Each structure stands twice: as structure tokens, then as C-alpha cells.
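The values are calculated or read from the model by the stated rules, or taken from the named source; none is laboratory data. Keep in mind that this is a model prediction, so the values were computed, not measured. Counting neighbours? That spans all protein chains shown, and the Cβs are built from the backbone with ideal geometry, glycine included. Just the protein is used for accessible areas: all its heavy atoms, side chains included, with ligands, DNA and RNA removed. Shrake-Rupley method; radii C 1.70, N 1.55, O 1.52, S 1.80 Å.
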Amino acid sequence: MHEPRFWRQAPAGTLPILPRLLAPAAYVYGLAGRMRRQFTRAERAGAPVICIGNISAGGTGKTPVALALATHFIAKGEAVHFLTRGYGGREKGPHRVDPSTDDAARVGDEPLLLAAVAPTWVSSDRVQGAAAAVEAGAKLIIMDDGFQNPALEKDFSILIVDAATGLGNGRLIPAGPLRERMGDALSRANAVIKIGRGHAADGLAARARAHAIPVFKAILRPAPAPELDGLPVIAFAGIGRPEKFFATLRELHAEIVASESHADHHMYSEREATALLQRARDLKAALVTTEKDRVRLLGAPEGSARAQLRDAVKTVTIGALIDDFQTLEALLAEQIRIARRRTA
């Protein structure tokens with residue numbers, strides 16, 4: 001679903017009627033989450049677990065951070081495996097993602113991106129997923145999301161927050177974007193990473209520092225794409241905040257002649273693919289999307305419009321660049337050592 005506009009901070013002088021009407025439902029949602037975390041006994045995995053999560057719904061940059069950390073630890077010789085729920089896919093798992101045969105309809109889009117870097121497990125039961133990963137040789141598990149899931153004990157949890165949008169109107173789902181109260185989340189966090197530019201997350205960062213939780217800054221940086229410089233493009237994206245992708249294309253000096261925004265994890269239909277291909281011909285423009293959007297087209301039957309779109313579209317690779325990474329690495333390494341001593 002698209003993020004409702006009223007989830008964002010209301011302009012000064014306006015009356016946020018919908019959040020007030022939804023406040024009772026938000027209270028029930030928050031209470032259910034707190035009770036689940038209070039009464040669920042967390043189980044340990046047979047390997048250290050790093051969790052990359054967030055407080056708010058929607059795209060904040062968790063997957064690029066997970067990929068950056070995995071790439072770093074793999075370079076150091078660690079046997080890293082990813083663990084994720086596989087949002088948008090039907091697979092319950094535990095299932096090891098096979099990019100050659102799996103598609104987004106089965107495992108979700110983000111697991112396909114993760115699996116290109118390290119073995120990736122989709123499991124609605126995180127404890128079973130972690131056990132499967134360890135049995136397959138994982139020595140370090142990186143969870144992409146799962147911060148609110150209390151079943152699996154985490155050794156280090158990183159909260160990701162968008163610096164430009166912060167926590168929106170500060171209310172719980174469905175009255176706002178929050179999955180839980182800020183204080184509850186910070187009580188379990190070991191670090192916070194603010195991604196992007198802006199000051200909407202400054203309040204959360206200040207509160208984190210007041211509780212001695214280190215705060216890091218990061219940016220999502222596109223890989224060089226000289227072929228897009230001055231190129232007329234039709235940009236389309238089904239991610240948490242498509243406008244961020246469009247801004248990235250402008251930074252790469254692409255000429256956006258048309259754009260389409262869809263809800264996060266949007267699965268493109270034949271009709272939509274046909275329309276995009278026709279629009280590209282009419283406007284004599286190239287089609288550009290995110291890597292996450294393209295992987296949702298990988299299972300398209302050959303000869304279909306979706307397969308043609310998959311083969312025609314250009315993508316932009318986005319990576320997370322974390323400031324003061326050495327300090328974060330030292331914190332992670334220490335917790336990994338502690339976890340391994342505990343399980344030795």
C-alpha cells in the first residue's frame with residue numbers, strides 16, 4: 001500500500017483529524033506489540049545475529065545497509081548468511097533462496113537482492129530460519145528487518161531512520177507510520193543510523209545519544225552511471241519512497257520526461273508492462289527503475305510484456321556509505337566476539 005499522507009508531520013495550523021480517529025486502533029496495535037515482546041521468550045541462534053531494523057513502516061534503507069555490512073564481513077572471511085521474512089512472497093520457509101529458480105512472487109524482492117551477495121534464508125519463523133542457516137554453515141547472521149520480532153535474540157540491533165522524513169507524525173500504525181513507540185525501540189537498540197539529509201530525525205538521534213546509543217550518519221550513493229547523463233528517461237519505481245529514486249536520477253543528470261510511482265513491493269502486471277513499453281516508444285525515452293523493481297520481473301514468462309520490460313529496463317545500483325564506519329565496525333566486532341564466547 002502507499003503511505004497515507006496523514007502519516008507525515010501535519011503542517012502548522014492544520015487539524016490532523018484522521019490520526020485522531022484512528023488513535024484507538026493505534027493503541028490496540030501498540031498494546032498487542034508490547035504484549036508480544038513481553039511474553040515471548042527469545043531463543044538464541046547458534047551464531048551471532050546482527051539485526052537491521054526500523055521503527056517506522058516504509059523504506060528507510062535497511063537493505064543497502066545490510067548489504068554493506070555483509071560485504072564488509074565477507075571480505076574479512078566471515079561466513080555470512082542473511083535471514084529475512086521475505087515480505088511480498090508466499091514462501092514461509094525456512095527456504096534458502098535460489099536466484100536461478102526463485103522469483104519475487106515466491107520469496108519477495110529484497111531476498112533476491114540479498115542472495116546475490118550471500119546465502120539468504122526466507123522464514124516467517126525467524127528461529128527456524130536461523131537454525132537452518134547455522135546448519136548450512138552460517139557463522140554470522142544478518143537480519144534484514146525483524147527488529148520487532150521478539151522470538152530470536154539479537155546480539156546487535158541497528159535502527160535505520162530516514163533523516164528527511166524521520167518518524168512522520170509520531171503516531172503508531174494505523175494513525176501514523178510507527179511500528180512501536182520510540183522509547184520502546186531505543187530500549188533494545190545498540191546503534192542508530194540516520195540515512196540521507198535533513199533534520200526530521202534529529203529528535204530521535206538526540207534521545208538515542210541521551211541513552212548512550214551511538215548515532216551514525218549514512219547516505220545512499222548511486223554507482224556511476226555515465227550512460228544516463230542527459231538521457232531522456234521514463235522513471236518508475238515501487239519502493240517505499242519513489243521520489244528518492246527520482247531525485248537520484250536527477251543527481252545522475254538523467255532527463256526525466258515521465259515518471260510512475262507505485263506502492264512498495266508492487267508486482268507489475270502485463271497491462272502495466274505493455275503501457276510502459278509503449279510510452280517509451282512514444283516518448284523515445286529509455287526506461288529506468290531500481291534493482292529492487294527489476295527483480296520482480298525475473299520470473300516473467302519469455303515473450304511476455306513483463307519479460308520484454310525486464311530486458312529493456314536500465315537500473316541504478318544504490319549503495320550505503322556509512323560515516324565513521326570504523327567505530328561501528330569495532331562495536332559490531334566486540335559483540336560478535338561476546339556472542340561467540342557465549343556459545344562456545
When every residue in segment 3-32 that is over 22 Å from the mean Cα position of the chain (by Cα) and part of a loop (DSSP other than H, G, I, E, B) is compared, the one modelled with the highest pLDDT is 22
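To keep it simple, each residue is scored yes or no on (1) within 30 Å of residue 136 (Cα to Cα); (2) acidic (Asp, Glu); (3) assigned to a loop (DSSP other than H, G, I, E, B); (4) modelled with pLDDT of 85 or more.
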site: 1; (1), (2), (3), (4): no, no, yes, no
site: 36; (1), (2), (3), (4): yes, no, no, yes
site: 45; (1), (2), (3), (4): yes, no, yes, yes
site: 50; (1), (2), (3), (4): yes, no, no, yes
site: 68; (1), (2), (3), (4): yes, no, no, yes
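Restricting attention to segment 291-342, and to residues there that are of a type in the set (Ser, Thr, Tyr) and either open to solvent by 70 Å² or more (accessible area, probe 1.4 Å) or touching a helix residue (DSSP H, G or I) at 6+ places or on another chain (Cβ under 8 Å) (or both), which single residue is farthest from residue 69 (Cα to Cα)? Can you show your working first?
Step one: of segment 291-342, the residues of a type in the set (Ser, Thr, Tyr) are 304, 315, 317, 327.
Now drop any that are not either open to solvent by 70 Å² or more (accessible area, probe 1.4 Å) or touching a helix residue (DSSP H, G or I) at 6+ places or on another chain (Cβ under 8 Å) (or both), which leaves 304, 315, 317.
On the way: 304: 37, 315: 22, 317: 16 Å.
Top of the filtered list is 304.
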Counting only residues in segment 33-81 that are more than 20 Å from residue 324 (Cα to Cα) and basic (Lys, Arg), the one farthest from the chain's Cα centre (by Cα) is identified as 41
Check whether at least one residue in segment 262-280 is more than 22 Å from residue 196 (Cα to Cα), surrounded by 20 or more Cβ atoms within 10 Å (Cβ to Cβ) and of a type in the set (Phe, Trp, Tyr), and report yes or no.
yes
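Going through segment 116-135 one residue at a time, which ones are open to solvent by 50 Å² or more (accessible area, probe 1.4 Å), in a loop (DSSP other than H, G, I, E, B) and either free of Cβ contacts under 8 Å to residues at least 12 places away in the same chain or closer than 12 Å to residue 80 by Cα (or both)? Walk me through how you get there before you give the answer.
First, the residues of segment 116-135 that are open to solvent by 50 Å² or more (accessible area, probe 1.4 Å): 116-117, 124-125, 128, 131, 135.
Cutting the leftovers down to in a loop (DSSP other than H, G, I, E, B) gives us 116-117, 124-125.
If the condition is that a residue be open to solvent by 50 Å² or more (accessible area, probe 1.4 Å), in a loop (DSSP other than H, G, I, E, B) and either free of Cβ contacts under 8 Å to residues at least 12 places away in the same chain or closer than 12 Å to residue 80 by Cα (or both), then 117 is the only one that fits.
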Being closer than 30 Å to residue 24 by Cβ, touching a residue at least 12 places away in the same chain (Cβ under 8 Å) and either open to solvent by less than 40 Å² (accessible area, probe 1.4 Å) or touching an Asp or Glu at 6+ places or on another chain (Cβ under 9 Å) (or both) narrows 171, 181, 241 down to just 241
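Can residue 77 be described as open to solvent by 10 Å² or more (accessible area, probe 1.4 Å), outside any strand (DSSP E or B) and in contact with a Lys or Arg (Cβ under 6 Å, 6 or more places away or on another chain)? Steps first, please.
Values: open to solvent by 10 Å² or more (accessible area, probe 1.4 Å): yes; outside any strand (DSSP E or B): yes; in contact with a Lys or Arg (Cβ under 6 Å, 6 or more places away or on another chain): no.
When the stated conditions are applied, residue 77 does not pass them.
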In segment 87-111, residues that are assigned to a loop (DSSP other than H, G, I, E, B) and open to solvent by less than 50 Å² (accessible area, probe 1.4 Å) total 7
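So that you can scan it fast, the table gives a plain yes or no per residue for (1) within 18 Å of the chain's Cα centre (by Cα); (2) buried (at least 17 other Cβ atoms within 10 Å of the Cβ):
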site: 175; (1), (2): no, yes
site: 196; (1), (2): yes, yes
site: 226; (1), (2): no, no
site: 230; (1), (2): no, no
When residue 60 is run through (1) part of a loop (DSSP other than H, G, I, E, B); (2) in contact with a strand residue (DSSP E or B) (Cβ under 8 Å, 6 or more places away or on another chain); (3) of a type in the set (Ser, Thr, Tyr); (4) more than 19 Å from residue 328 (Cβ to Cβ), the failure sits at (4)
